[in-house]
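Asker: Here it is: the structure, laid out below.
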4 protein chains.
Amino acid sequence: MIVILRPDATEANVQHIIERAGKLGLKANISRGVERTVIGFIGPEDALRVIPLEVFPGVDQVLQVLAPYKLVSREFKSENTVIKLPYNVTVGGKKIAVMAGPCSIENYKGMAAIAKLVKVLGADILRGGAFKPRTSPYDFQGLGEEGLKILQAVGKEVGICTISEVMDTRQVELVAKYVDILQIGARNMQNFSLLKEVGSTKKPVMLKRGMSATVKEWLMSAEYLLANGNFDVMLCERGIRTFETATRNTLDINAVAVAKRLSHLPVVVDPSHGTGSWEYVAAGARAGVAAGCDALMVEVHDNPEEALSDGAQSLMPDKFQELMASAKRVAKAVDRDI
Amino acid sequence: MIVILRPDATEANVQHIIERAGKLGLKANISRGVERTVIGFIGPEDALRVIPLEVFPGVDQVLQVLAPYKLVSREFKSENTVIKLPYNVTVGGKKIAVMAGPCSIENYKGMAAIAKLVKVLGADILRGGAFKPRTSPYDFQGLGEEGLKILQAVGKEVGICTISEVMDTRQVELVAKYVDILQIGARNMQNFSLLKEVGSTKKPVMLKRGMSATVKEWLMSAEYLLANGNFDVMLCERGIRTFETATRNTLDINAVAVAKRLSHLPVVVDPSHGTGSWEYVAAGARAGVAAGCDALMVEVHDNPEEALSDGAQSLMPDKFQELMASAKRVAKAVDRDI
Amino acid sequence: MIVILRPDATEANVQHIIERAGKLGLKANISRGVERTVIGFIGPEDALRVIPLEVFPGVDQVLQVLAPYKLVSREFKSENTVIKLPYNVTVGGKKIAVMAGPCSIENYKGMAAIAKLVKVLGADILRGGAFKPRTSPYDFQGLGEEGLKILQAVGKEVGICTISEVMDTRQVELVAKYVDILQIGARNMQNFSLLKEVGSTKKPVMLKRGMSATVKEWLMSAEYLLANGNFDVMLCERGIRTFETATRNTLDINAVAVAKRLSHLPVVVDPSHGTGSWEYVAAGARAGVAAGCDALMVEVHDNPEEALSDGAQSLMPDKFQELMASAKRVAKAVDRDI
Amino acid sequence: MIVILRPDATEANVQHIIERAGKLGLKANISRGVERTVIGFIGPEDALRVIPLEVFPGVDQVLQVLAPYKLVSREFKSENTVIKLPYNVTVGGKKIAVMAGPCSIENYKGMAAIAKLVKVLGADILRGGAFKPRTSPYDFQGLGEEGLKILQAVGKEVGICTISEVMDTRQVELVAKYVDILQIGARNMQNFSLLKEVGSTKKPVMLKRGMSATVKEWLMSAEYLLANGNFDVMLCERGIRTFETATRNTLDINAVAVAKRLSHLPVVVDPSHGTGSWEYVAAGARAGVAAGCDALMVEVHDNPEEALSDGAQSLMPDKFQELMASAKRVAKAVDRDI
């Protein structure tokens, strides 16, 4: 922790700060510059985080030296985390996993048809929402447990892993019973109650980045999961909110390399939400693979005109097939497989 | 709903769209321009929202004519909503209510001292967090129910209304038992499960704007509350996330006038979070009053150096006193009282 | 300057950095923490800015201690700068100056009518664009020198100061000949050639904040003006670009207090561009005054339906009159005049 | 153009709007919905753009149907523009061109060494700044014409095309004399005087996207160039400004596919500025290629520790070699060459 003082800070101000930190076991190192005095503290920095040094008289700025996350960091664990799923699927290894399926689970027949199709085309994990976070209370909110039953049954029939979103602490146990991966959506990335609850399960979990979350905040939310005992965590970049309106979100491709450098956790890219339009999904998927992601999540629907949500960004099967073919070639070019 | 077709859209595309909308009871009005054909639909527009027209062949853009919110809109209710609270406090009338207190509830003695102080200085509502949404799992998470008991006891002793945040669907009943106003925090603005649960109580609620939520999304989240039966809703502008780093957030002062124009609900301004630094809180409070807000929420602590959270943006009692004095004068200048 | 090393930095890395900085006359102060080593440099920090320390082996982060601006800072000059203009108008003193007029200068008759009107209503400075920065090459680009002649003649006739935008280094001399204040527009805030050219004139200048410029960058652009010899500089907050689309820009009301704290230069608020809609201009103006601005800039047109640009955010004379009346009351409430 | 009226708009309001548009040769098509009346106008939409319909009584919103750009659009020219440069280099064809070199031109010897190196490693175009847009007036501003002479001499000696930035209308002729491609920097993307001046030359030009420019605004700035007679225009995505601070900018990978869909102009990706850190440049370059860009621009320096600007994002030769090798493989995977 580094404390930069104001030009008019007094010696008493300096002593007051040092004393307070000293009680917490920190040693001060003072640099008296021409214009400013700077104090560096050595010792258990976490201790200092509980004191709001910014409000101490004479303080101008307080800078953190250490990253606030521990368990998710590369310093804590240098090798990549590889998450093991049923059907010999892994996320985080050489093979890039593909999650595909409709936005919402609508009915058994439709789900089974899409599941077969995406599996044949190379998908490893079937996605589908049973509890849907919808901006409007008047929009379709998902089938709930009925949807989860469909997802589980289809997964078993087709022989494919499953993922579905959990939105409420009270649903965690329920959703965990039916699926292989719990998804925490972008809007709940800082729903800390939910993070704690999901962190205390043993289910693999995919944590979507909040639409205005920094990479640091995203990692801190992942830290909640690990700190509560769940180490099978995937990070999912799904586009951030910016001023640009030509696309629904701005896929932050930089975040893939940043997250891979700072953390050992696998990184998923969701080009469907990351672009918001079926016309740009394949380009986003290829870019994600080229940038080093460990998995892709893609919305696929065999009849987007009838989809109950997010039709505009769903790929028709033929487009998904093209995406898989081109993503596979890019994967090879970066020494990965799909 | 207006559908703009691509330049190469065919007559068959046009007919396909019209037919599909016709089944939902909508009448089409076609404008064939030199370069583009445009279809306007007349009838129950909500019906159309379930069809993803964007993916229909030949479609370029789909534009909504009607706002997606109903109950929160000025069209639904033209006069301002005035929320009645204990101790004859109202929010939404001529008098601008002031909510003040520490970020977190820390102990009875401290809370009582601050409560007396802010009441004497003119505050109407005592704030204090018992369940705290903290970015880091290692930071102080609040006293929980113990904190709520302190808040309630202090409120009764001092004779002041109380507000505290609820973060989890499972806590709604508990928190509602102890406080006069439930607060939904910025990070939970689109926690739709929580919105539904709080919407089904009878407690007044303050809905903070998400840090990257548009005014429209904020109103849609409020719509969840009203649609579930709770009409005693206040909107709270607390700063949005932008590229600017000189302040913790960017107080969106425009949002006050926009929300007041579009909705009948009262608007609260929180300059503490809106600026993130005690040096700018008073300016933000005055700006909020000048722009037409119905209430202020301000963090006050009598010893910020010992605060367990958000010390940097907490006002010392003397600064809060100054803020009240200057805000009062500005309130008069816009024909309001504080 | 503070250099934070990577956990795996070697002693040789540390020595390499210290040696290099030593050649520039800087003394190093090393803190060896448990997890990280941190080097603080004491001496002429500017010297270090030419070395890209970020790329030195072993370096993780480099933090600046001192602000990069000098002449614009409060440390350089603690009292407020007051700019003197013709007709005894000042900007930066107790009286809040008001700049008003149409977006573009359209013709003599119209301009004279508006000038008389805004002067009667209390405006001190007449605004009007002769060179217009238009997003589209097909939109009206302004009357050029003809417009400047009109502005000057009207200013003299009515007895009011004038301001107009300069967009091109080749026009600086020309525009300076006709107006009392040169305006540098938001899109040219980092047109450094223009800044140098305007900095070398003796004309007062108003520097608009770029739509995605941080306050620090804005002050650095002002620094270009002062460093080239022109100290009569006003800063103008005119809204920043964010994700919000309900308003054309987001008026950054925080920036007023931040700029006033960091700099001695006067701060103007432009609620017309800051909101983009006539319905919100008065609220923005009042908020600006309440937050401590030194001047307002407002677009006024007596017939917005016929305006050649920015009609949507122009006030009709009756609305401008209301704005003046209410801004005046708020000014009094913060011990200022209008 | 579509005009949506307020719920309380009168028949007189409607007639007033229709009359005014009728005078410009537009035919109105009125849809009277249950809640709103909507008017669609057919005819030369450009005519309408000069009337600020937003301010007409009764108007709620005005929506543009047609894109405001013409010459840059795919509708105007469906096949890709291919720009021909010396040494048989093209931009926009099957081969992805690579621009590489230092941020600033520093001296002949260094420039020649880097030029030889990047040419051997496969670069087609040598970059180097002679006029540098620096945030601080105290930073190195470039060698000016001396730098251009060095660039030209090195280009001829090594046999490589050259590109350099032009910042001032007065420098356009000068810079055009020395280089093969004029660069317009991000900060000047809406310097319309400069756009007009560069548009009236015959030199190929690369237009960088402004850091907060929408794709639409970027295309409108390109339209200025084409409308003034210069059709040899490349668009360059170099990262946008967002809330994220882990990287200097956010490379908007979506913008590549969006720009390629809307326009026939070639798209360059600059991962050096797009990420701001040498550690992420290669990932950004590969993502750009995978997303469909036509050229890459990369900062390379053989001694970043001594670079006079942007050292932190410059690649050492060995890292550039790795980038070229991996980008080449990705290019093949998307049926392109490097």
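No lab work stands behind these numbers, since they all come straight from the coordinates. Quick caveat: nothing in here was measured; it's all calculated off a predicted structure. A quick note on method: Cβ atoms are made from the backbone with ideal geometry, for glycine too, and the neighbour counts reach across all protein chains shown.
Asker: What Rg and what Dmax come out for region B:294-334 when only alpha-carbon atoms are used, in angstroms?
Answerer: 12.0, 37
Asker: Give me the one-decimal nm value for the distance between modelled label points at C:K77 and B:E79, 7 Å along each residue's Cα-to-Cβ direction.
Answerer: Reported label-point gap for C:K77 and B:E79 is 5.5 nm.
Asker: At most 12 other Cβ atoms within 10 Å and a DSSP loop assignment: could you name the GluC sites (Glu not before Pro) in region A:274-314 that fit? Could the numbers behind the result be given before it?
Answerer: Values: sites: A:E279, A:E299, A:E305, A:E306; in loops: none.
Here no GluC sites (Glu not before Pro) fit, given the DSSP loop and packing criteria.
Asker: Same structure again: Of all the residues in chain D, which one has the C-beta that comes nearest the axis relating D to C, and what is the distance in Å?
Answerer: Residue with the nearest Cβ, plus whole-Å distance, for chain D: D:S212, 2.
Asker: Straight-line reach only, C-alpha to C-alpha below 17 angstrom: list the aspartates and glutamates that C:K77 could link to, leaving out same-chain residues fewer than 8 apart.
Answerer: Once the sequence-local aspartates and glutamates are set aside, what remains near C:K77 is A:D8, A:E35, C:E223, C:D232.
Asker: Hey, what angle do you get for helix D:215-227 against the long axis of chain D, alpha-carbon based, 0 to 90 degrees rounded to 10?
Answerer: With both axes taken from Cα atoms, the answer is about 80 degrees.
Asker: Same structure again: Could you tell me the center-to-center distance, by alpha carbons, between region B:156-216 and region D:53-75 in angstrom?
Answerer: 41
Asker: For peptide C:188-198, what's the mean number of Cβ atoms from other chains within 10 Å of each residue's Cβ?
Answerer: Details: counts 7, 1, 11, 10, 13, 11, 7, 1, 3, 2, 0.
Average neighbour count from other chains, rounded to a whole number: 6.
Asker: Give me B:C103, C:C161 ranked fewest to most by other Cβ atoms within 10 Å of their Cβ, as a rough exposure proxy.
Answerer: By the 10 Å Cβ count, ascending: C:C161, B:C103.
Asker: Could I ask something else about it? Could you give me the ³J(HN,Hα) list for region B:9-22, computed from phi with Karplus coefficients 6.51, -1.76, 1.60 and θ = phi - 60°, whole Hz, x at Gly and Pro?
Answerer: Coupling constants for region B:9-22: 5, 9, 4, 5, 4, 4, 5, 4, 5, 5, 4, 4, 6, x Hz.
Asker: Taking every residue in A:328-336, how many Cβ atoms of other protein chains lie within 10 Å of its Cβ, on average?
Answerer: 5
Asker: Assign unit charges at the C-beta atoms only (+1 for Lys and Arg, -1 for Asp and Glu), then state the dipole size of the protein assembly as shown relative to its Cα centre in Debye, rounded to the nearest 20.
Answerer: About 0 debye.
Asker: Could you give each residue of region A:167-180 its phi-based ³J(HN,Hα) in whole Hz, using Karplus coefficients 6.51, -1.76, 1.60 with θ = phi - 60°, and x for Gly or Pro?
Answerer: 10, 9, 3, 6, 9, 4, 4, 4, 5, 4, 5, 9, 10, 8
Asker: Let me ask another. Relative contact order of region A:83-333: what whole-number percent is it, with Cα pairs under 8 angstrom and at least 6 residues apart?
Answerer: 18
Asker: What translational diffusion coefficient, in µm²/s and rounded to a whole number, does the Stokes-Einstein relation yield for region C:36-183 at 10 °C and a viscosity of 1.306 mPa s, taking the hydrodynamic radius as the Kirkwood radius over Cα pairs?
Answerer: Translational diffusion coefficient: 84 µm²/s.
Asker: Continuing with this model, one more query. Go ahead and estimate [θ] at 222 nm for chain D from helices alone: -39,500 (n - 2.57) per DSSP H run with n ≥ 4, summed, over the residue count, rounded to 500.
Answerer: -10500 deg cm²/dmol
Asker: Here's another thing I want to ask about it. Residues with amide H under 5 Å of B:L143's amide H, sequence separation 5 or more or different chain, H placed in the peptide plane at 1.01 Å from N; which?
Answerer: Answer set, sorted by chain and number: B:I105.
Asker: Please rank A:D252, B:D335, B:D310, fewest neighbouring Cβ atoms within 10 Å first, as an exposure proxy.
Answerer: B:D335, B:D310, A:D252
Asker: Work out the mean other chain Cβ neighbour count within 10 Å for the residues of D:164-173 and drop it here as an integer.
Answerer: If you average over the peptide's residues, the count of other-chain Cβ atoms is 3.
Asker: What's the local net charge at B:G93, with K and R +1, D and E -1, over the other residues with C-beta under 15 Å away?
Answerer: Charge balance near B:G93 sits at -1.
Asker: Moving to a separate point now. Take the Cα radius of gyration of the protein assembly as shown and divide it by 2.2 N^0.38 Å, with N its residue count; two decimals is plenty. Walk me through the numbers before you get to the answer.
Answerer: Working: Rg = 30.3 Å, N = 1352, 2.2 N^0.38 = 34.1 Å.
Cα Rg divided by the expected 2.2 N^0.38 Å: 0.89.
Asker: Still on this structure: Could you tell me what a quarter of the Cα convex hull surface of region B:83-333 works out to, in nm² with one decimal place?
Answerer: 11.9
Asker: Right, next: Can you put D:Y108, D:Y87 in order of Cβ neighbours within 10 angstrom, beginning with the fewest?
Answerer: Ascending number of Cβ neighbours within 10 Å: D:Y87, D:Y108.
Asker: Continuing with the same structure: Shortest first, in nm, what separates the label point of A:L63 from those of the same position in the other copies (7 Å along Cα→Cβ)?
Answerer: Nearest first, the other copies' label points are 0.5, 4.9, 5.0 nm away.
Asker: For C:L296, enumerate residues with amide H under 5 Å from its amide H, sequence gap 5+ or separate chain, H modeled in the peptide plane.
Answerer: HN-HN under 5 Å from C:L296: C:A97, C:V98, C:M99, C:V269.
Asker: Please list 3J(HN,Hα) in residue order for region A:244-260, calculated via the Karplus relation 6.51 cos²θ - 1.76 cosθ + 1.60 where θ = phi - 60°; whole Hz, with x for glycine and proline.
Answerer: 6, 10, 5, 10, 5, 9, 10, 5, 8, 5, 4, 4, 5, 5, 5, 5, 5
Asker: So the label point sits 7 Å from Cα along the Cα-to-Cβ vector; using that for C:R261, what distances do you get to the other copies, in nanometres, sorted shortest first?
Answerer: 3.1, 3.1, 4.4
Asker: Would you please give the residues with an amide H less than 5 Å from that of B:C161, counting only those at least 5 places away or on a separate chain, with H modeled from the backbone geometry?
Answerer: It is B:L126, by chain and number.
Asker: List, in the order given, every pair from B:K328/C:K119; A:K260/D:K328; D:K177/D:K328; A:K84/A:K208; A:K328/D:K319; C:K109/C:K149 whose Cα-Cα distance in the structure shown is over 21 Å.
Answerer: Values: B:K328/C:K119 31 Å; A:K260/D:K328 23 Å; D:K177/D:K328 33 Å; A:K84/A:K208 19 Å; A:K328/D:K319 25 Å; C:K109/C:K149 13 Å.
Flagged as over cut-off: B:K328/C:K119; A:K260/D:K328; D:K177/D:K328; A:K328/D:K319.
Asker: Then there's this: Would you mind calculating the relative contact order of region D:2-63 from Cα pairs under 8 angstrom and at least 6 residues apart, reporting the percent as a whole number?
Answerer: Normalised by residue count, the contact order of region D:2-63 is 49 percent.
Asker: Within the set of other residues whose C-beta is less than 9 Å from the C-beta of D:I253, count the net charge using Lys and Arg as +1 and Asp and Glu as -1.
Answerer: -3
Asker: Sort shortest first the distances from C:V120 to its counterpart in every other copy, using label points 7 Å along the Cα-to-beta-carbon line, and give them in nm.
Answerer: Shortest to longest, the spacings are 5.4, 7.9, 8.0 nm.
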